[in-house]
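Below is one structure; the comments refer to it alone.
Any read-out appearing in this document is the output of simple, stated calculations on the displayed coordinates, not a laboratory observation. Since this is a predicted model, take the numbers as computed values, not measurements. Positions of Cβ are backbone-derived with ideal geometry, glycine not excepted, and every protein chain shown enters the neighbour counts.
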Amino acid sequence: MPSPSWPPTTACRCTVMADTGPGGGGRRLALGLAPLVLLGALVALFLYLDPTSVLRAGFPPVEELTIERVTLPEPGVMRVHVVNGGPEPVTVAQVMVDEAYWQHEVDGERTIPRLGRSEITLNYPWVEGEPHEIVLVTSTGLTFAHEVEVAIQSPQPSGKFLAIFALLGIYVGLVPVLIGLLWYPFLREVSRRWLHFFLSLTIGLLIFLGADALHEALETAAVVPAAFQGVGLIVLGAFGSFLALRAFATARRHDRDARAADSPADRLRLAYLIALGIGLHNLGEGLAIGSAYAVGEIALGSFLVIGFALHNTTEGLAIVAPVAADRPPLRNLLAMGAIAGLPTILGTWIGGFSYSPIAATLFLAIGAGAILEVVYEIAHAGFSLGLVVMYGTALLVVA
Amino acid sequence: MSRRDWLKLGGAGVAGLSGASILALARRGGAAAALESAGVQDAVHSPQELAQLRMGVFGDHPPGDGFDPVAFLTDFDYGKVSRDSTGRTVREYEMVSVDREIEVAPGVWFPAWTYNGRVPGPTLRCTEGDLLRVDFSNAGSHPHTVHFHGTHPPRMDGVFPIVDPGERFTYEFEAKPFGLHPYHCHAIPLKRHIHKGLYGALIVDPPGGRSPAREMIMVMNGFDTNFDGENEIYAVNTAAFYYQTHPIRVGVGQPVRIYLVNMTEFDPINSLHLHAGMFRYYRTGTRLDQFDLTDTIMLCQGERGIIELELENPGLHMVHAHQSEFAELGWMSFLDAVPQLAADDGVPVHRYG
């Protein structure tokens with residue numbers, strides 16, 4: 001067995017190619033396609049014979065509706081966003097609010113197709129600061145509930161709210177990161193041993209952020225409609241971003257294989273990667289803040305903002321640690337600060353105005369994957385397509 | 001303001017809100033039309049006012065299963081009448097238990113167990129002292145019985161024997177005492193057999209009958225559509241909110257009699273509250289001389305009574321459970337008091353003898 005080498009070099013790929021004899025290409029293609037042809041035949045046979053009909057007879061269809069979110073655009077109005085994550089179409093027959101049937105309007109058809117979405121509008125006099133429960137009753141009498149924990153008017157995408165959310169993003173994302181970057185002069189003064197300590201500290205911080213993002217992703221995944229497979233999304237998002245960053249990093253390194261692995265340019269690139277990873281994480285954090293505010297789950301008191309700010313200042317330290325020994329231009333530092341901090345603003349906008357657990361799970365997972373890749377980069381150490389294929393095909397087997 | 005104007009206003013002012021039910025109300029505004037001709041304007045509600053009542057189900061039905069809640073109000077089954085050797089009246093009824101889906105609110109279907117294909121089952125009616133023969137056959141998928149309240153031999157009580165699917169049993173007993181008695185399936189598990197729809201009313205008239213009145217049956221019931229042990233829908237006579245959008249027409253000042261039975265499962269009590277008027281309440285209907293003058297009554301599971309009233313003023317009189325939750329989940333209705341209502345209009349006048 002040859003010693004494992006990663007990534008495989010061009011030379012070793014050539015060796016594999018040379019093994020095949022003349023005419024081997026066609027045979028290999030046939031061997032590769034044979035299982036697919038059999039699979040196709042099986043699917044066709046299954047659809048033709050429909051052997052599961054004996055299991056289905058007499059049972060009501062499995063219904064699976066998810067209320068993704070409820071917005072309160074103005075006093076006296078509720079808007080319910082519904083996703084059908086089940087295997088069969090579902091008809092919303094009636095809507096109950098706080099144990100009372102209520103007149104309502106459905107945007108489009110009352111029957112929501114599989115993986116389809118719908119929006120239901122009610123003129124309901126919701127009470128500010130109090131909880132409300134919305135229950136959808138389907139044509140078979142099944143019920144799907146959602147609680148608005150604290151009713152507050154939902155932010156609308158107006159200039160005012162865009163500005164408020166942008167300001168929020170600047171407070172909790174951009175400013176703390178830039179302040180953290182101000183540790184750069186300090187880090188330049190410390191000894192090499194202490195620098196290694198700060199690099200280790202950086203790894204610790206990043207691992208915490210990665211775990212934090214993963215935890216958040218798992219939490220939101222719990223409310224993702226079954227067909228969209230919350231955990232599958234996490235695996236896809238986290239590994240996807242991990243592998244994408246990994247590919248980017250190794251491709252760049254290959255260009256300069258001959259050179260020393262640890263050049264100032266490499267270290268700067270590493271700092272940029274850290275900034276990017278943190279930026280993706282902060283996008284998820286912004287999403288969480290924006291959506292929590294929009295659905296009334298948190299009142300954004302000063303303490304919470306200060307808490308986030310303190311928390312995020314350490315991110316600046318993480319970015320500058322690798323380049324402490326070098327003298328990167330100021331514009332580089334600012335650019336890294338922007339990459340790490342600005343996505344928070346974007347996140348609060350998305351979270352505040354059009355929160356979706358599916359998008360949130362994916363974004364958080366992407367952030368987690370990116371962060372963990374950066375950890376890998378600092379610590380030094382082709383199955384992404386497979387993940388995409390498994391996720392895509394699993395969409396078909398939800399029941 | 002003409003009725004057409006009302007309809008227009010109804011269409012424009014409440015478009016898309018609760019348009020369907022308000023229009024239905026306006027269309028059936030018998031009181032409004034009659035009041036117009038009588039020159040009375042301020043006693044009735046405009047569609048705009050009614051639109052403020054946003055509670056209620058989406059859509060307007062009669063149920064898609066063929067059940068007509070208005071017809072059911074006055075559909076009394078007197079059975080096949082004959083006389084025995086002693087000259088006593090004999091009434092023979094046929095009851096069949098059938099599994100079928102019923103529409104309990106617009107678009108919401110419930111897998112019910114029924115007597116004669118509907119919920120509530122037929123309202124059996126007789127006079128005290130009649131001999132009743134109820135031929136029950138079970139065409140359903142589970143064992144059932146018919147257990148009547150009232151006085152009769154335990155053998156005819158509908159607890160034993162359990163009637164298996166495909167089997168039949170004839171209940172034979174003398175109707176007594178006069179009053180209002182529920183009947184329901186007594187096979188176990190009781191809760192499920194009752195809440196799936198196997199219940200109805202037996203009216204035993206006193207010898208000589210009662211005074212003429214516009215008479216109707218109201219069976220308070222509920223449906224646990226998701227089978228979690230709590231009702232999602234409440235109603236009288238099954239169809240949630242139906243008598244809200246289709247008010248029951250009675251005459252101003254004319255006597256009305258409501259036979260009220262509580263067959264609600266899961267909730268220990270149900271209630272009835274009349275707006276803008278009082279009624280005489282005869283508990284169980286077994287005494288003619290004792291009543292309570294009130295506008296709110298409370299009935300436990302299986303309890304029943306007879307309500308007598310005359311509405312003094314024209315217009316819509318709300319009738320609903322005073323448990324607000326039940327009211328807003330479907331047990332909500334209107335009595336529409338119409339001046340000078342002809343005897344053959346609205347709820348028919350019931351005359352004895």
Honestly region A:164-242 on the Cα gyration tensor test (a ≥ b ≥ c root eigenvalues; a/c under 1.5 rounded, otherwise a/b vs b/c for prolate or oblate) is just oblate
Inter-probe distance in nm under a simple model that places probes 7 Å from Cα toward Cβ, at B:Asp228 and B:Val90:
5.2 nm
Say R0 is 45 Å: what FRET efficiency, to the nearest 0.05, do A:Arg117 and B:Cys300 get from their beta-carbon distance?
0.50
Take the alpha carbon gyration tensor of region B:181-269, find the square roots of its eigenvalues, order them as a ≥ b ≥ c, and report rounded if a/c is under 1.5; if not, report prolate when a/b exceeds b/c, else oblate.
oblate
Got a sec to turn the phi values of region A:189-202 into Karplus ³J(HN,Hα) couplings, 6.51 cos²θ - 1.76 cosθ + 1.60 with θ = phi - 60°, whole Hz, x for Gly and Pro?
7, 6, 6, 4, 4, 5, 4, 4, 4, 5, 5, 4, 4, 4
What's the FRET efficiency of B:Glu49 with B:Arg168 using the Cβ-Cβ distance as r and R₀ = 45 Å, to the nearest 0.05?
0.25
Residues of type aspartates and glutamates that B:Lys80 reaches as a straight line, Cα spacing below 19 Å, ignoring anything fewer than 8 places off in the same chain:
B:Glu92, B:Glu94, B:Glu128, B:Asp130, B:Asp135, B:Glu172, B:Glu174, B:Asp205
Give me, ordered by chain and number, the residues 5 or more places off B:Asp65 or on other chains with an amide H under 5 Å from its own placed amide H.
B:Glu103
From phi via Karplus (6.51, -1.76, 1.60), per-residue ³J(HN,Hα) for region A:145-158 in Hz, x at Gly/Pro:
10, 8, 10, 8, 5, 9, 6, 9, 4, 6, x, 9, x, 9
List the residues, sorted by chain then number, that are 5 or more residues from A:Gly141 or on another chain and whose placed amide H is less than 5 Å from its amide H.
B:Trp109
Over all directions, what mean area does the Cα convex hull of chain B project, stated in square nanometres?
17.6 nm²
Determine, from the Cβ-Cβ distance of A:Asp326 and A:Thr250 and an R0 of 25 Å, the FRET efficiency 1/(1 + (r/R0)^6), rounded to the nearest 0.05.
0.70
Let me check I've understood the local charge: for B:Val81, count other residues with C-beta under 12 angstrom from its C-beta, Lys and Arg +1, Asp and Glu -1. What total comes out?
+2
Residues whose placed amide H lies under 5 Å from that of A:Trp126, excluding near-sequence neighbours:
A:Gly76, A:Val77
Over all alpha-carbon pairs in region A:84-219, figure out the percentage whose distance exceeds 27 Å.
54 percent
From the C-alpha coordinates alone, can you work out the Kirkwood hydrodynamic radius of region B:48-171, in Å?
16.9 Å
Shape category assigned to region B:231-353 from the gyration tensor of Cα positions, a/c cut at 1.5
oblate
Using only the alpha-carbon atoms of region B:162-225 as identical scatterers, what base-10 log of I(q)/I(0) does the Debye formula give at q = 0.12 Å⁻¹?
-0.46
Please report the spacing between the Cα centers of region B:208-235 and region B:53-97 in Å, no decimals.
13 Å
Show me, for region A:216-225, the HN-Hα J-couplings you get by feeding each phi into the Karplus relation (A = 6.51, B = -1.76, C = 1.60, θ = phi - 60°), rounded to Hz, glycine and proline as x.
4, 4, 5, 5, 5, 4, 5, 9, 6, x
Straight-line reach from A:Lys160: which aspartates and glutamates have a Cα under 17 Å away, not including same-chain ones fewer than 8 places off?
A:Glu74
